[in-house]
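Everything on this sheet refers to the single structure shown next.
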């Protein structure tokens, strides 16, 4: 109940995240991490150091495949947006000279 309050969201939404029915947006992941005073990547970090485990399993341990796909898409979208913003800023700088 307190976590939902700290994140300014419904308790039912937090409950659905906890049982795997819903997957939070990147913004909500950041809010939850801030409320718990941890870094957001900690939600996706594997507790084991097995060298035979794939990168996906290290980043997204025990998440259903549908959720893994969804978060990968969100991360890719964010990276693409950031890359485009950087390229636009560089072009603006270069156009000044």
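For the stretch 1-41, the set of residues classified as in a loop (DSSP other than H, G, I, E, B), more than 21 Å from residue 72 (Cβ to Cβ) and either more than 16 Å from the chain's Cα centre (by Cα) or modelled with pLDDT under 90 (or both) consists of 1, 8, 9, 10, 37, 38, listed by residue number. For the stretch 50-59, the condition of being within 11 Å of the chain's Cα centre (by Cα), at pLDDT below 80, in a loop (DSSP other than H, G, I, E, B) and surrounded by 13 or more Cβ atoms within 10 Å (Cβ to Cβ) holds for none of the residues. Evaluating residue 63 against the criteria (1) assigned to a helix (DSSP H, G or I); (2) at pLDDT below 90; (3) touching a helix residue (DSSP H, G or I) at 6+ places or on another chain (Cβ under 9 Å) leaves one unmet condition, (1). Close contacts from the stretch 75-90, counting a first residue that is on the phi < 0 side of the Ramachandran plot and a second that is modelled with pLDDT of 85 or more and in a helix (DSSP H, G or I), with Cβ to Cβ under 7 Å and a gap of 6+ residues or different chains, come to 78/26.
The values are calculated or read from the model by the stated rules, or taken from the named source; none is laboratory data. Quantities reported herein were computed from a predicted structural model and do not represent experimental measurements. Please note: Cβ atoms are built from the backbone with ideal geometry, for glycine as well, and neighbour counts cover all protein chains shown.
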